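**Q** This is the structure I want to talk about, given as structure tokens.
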Amino acid sequence: IVKWWNDFTDEFSRNFIAKSQWKYLTDGLLITLSITGLSAIIGVIIGFVVAIIRCTYQTTGKLKILDSVFSVYLTIMRGTPVMVQLLIIYFVFLLPAGVDKFPAAVLCFGLNSGAYVAEIARSGIMSIDRGQMEAGRSLGMTRGQAMRKVIFPQAVRYILPAIGNEFIALLKETSVAGY
């Protein structure tokens, strides 16, 4: 045990303490957290917009063209590996435009996360009984007011745990950006 401990401390010192090797780890951690945080913000914004439009189409039949566009977006983003998305977004679209790697990674992971957040939010909203909307409308609320004051507060309890899981998955996926 003593030999193992001495070998461990020597390796630890050589790899992390000598020559300030630990700075590479902290720099990588900061980049990972930055990509994750910015991508999460983009993903939540895109996800809720897509979810609201898809729910509107499913309940009222309005916004059919936008629903079709977003359905294709969801199919592509959820059906292809994130590595392929990252390569296509960076090398095909953003590198010729002169965009750096960091914004490309944030955009790619934000679009990917947005697709998953959209389905999480849509399922949370659609899980609320239709009678809740009717109750809000019978009180004189517009459709938007009923969504904001009646449906969303109830849907949050279904959405939050899954969104937390999505953020954890996003944090793990950002390791692909190093490639």
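Each reported figure results from applying straightforward, stated rules to the coordinates on display, with no laboratory input. A quick note: this is a predicted structure, and the numbers were derived from the prediction, not measured. Note that we place each Cβ from the backbone using ideal geometry, even for glycine, and neighbour counts take in every protein chain shown.
**Q** Can you give me the angle between helix 152-173 and the longest principal axis of the chain, using Cα atoms only, in degrees from 0 to 90, rounded to the nearest 10?
**A** The angle comes out at about 30 degrees.
**Q** Let me ask something additional. Count the lysine pairs in the chain whose Cα atoms lie under 24 Å apart, taking only pairs 8 or more positions apart in sequence or on different chains.
**A** Close lysine pairs under the 24 Å cut-off: 4.
**Q** Hey, another quick one. So for each of 108-120, 27-39, 46-58 I average, over its residues, the number of other beta carbons within 10 Å; can you give me the resulting order with the highest mean first?
**A** Top to bottom by mean Cβ count within 10 Å: 108-120, 46-58, 27-39.
**Q** Using each residue's phi in the range 127-137, evaluate 6.51 cos²θ - 1.76 cosθ + 1.60 at θ = phi - 60° and report the 3J(HN,Hα) Karplus result to the nearest Hz, with x for Gly and Pro.
**A** Values, residue by residue: 6, 6, 4, 4, x, 5, 5, 5, 5, x, 5 Hz.
**Q** Looking at 176, 152, 120, which one has the Cα that reaches farthest to the positive end of the dipole of the range 78-179 (charges on Cβ: Lys, Arg +1; Asp, Glu -1)?
**A** The residue sitting farthest along the positive end of the dipole is 152.
**Q** If packing is taken as the mean number of other Cβ atoms within 10 Å per residue, what is the order of 66-74, 1-9, 129-137, highest first?
**A** 66-74, 129-137, 1-9
**Q** Tell me the angle of helix 64-79 to the major Cα principal axis of the chain, expressed in degrees between 0 and 90 and rounded to the nearest ten.
**A** 30
**Q** Would you work out the relative contact order for the chain, in percent, from Cα pairs under 8 angstrom that are 6 or more residues apart?
**A** This gives 30 percent for the chain.
**Q** Pairing the Cα long axis of helix 22-60 with the longest principal axis of the chain, what angle in degrees results, from 0 to 90 and rounded to the nearest 10?
**A** Long axis of 22-60 versus the principal axis of the chain: about 10 degrees.
**Q** Taking the Cβ of residue 44 as the centre, find all other residues whose Cβ is under 14 Å away and add up their charges (Lys, Arg: +1; Asp, Glu: -1).
**A** -1
**Q** Using the Karplus curve 6.51 cos²θ - 1.76 cosθ + 1.60 with θ = phi - 60°, what ³J(HN,Hα) values do you get for each residue of the range 95-110, in whole Hz, with x for Gly and Pro?
**A** Working through the residues one at a time gives 5, x, 8, x, 7, 6, 5, 4, x, 5, 5, 4, 5, 4, 5, x Hz.
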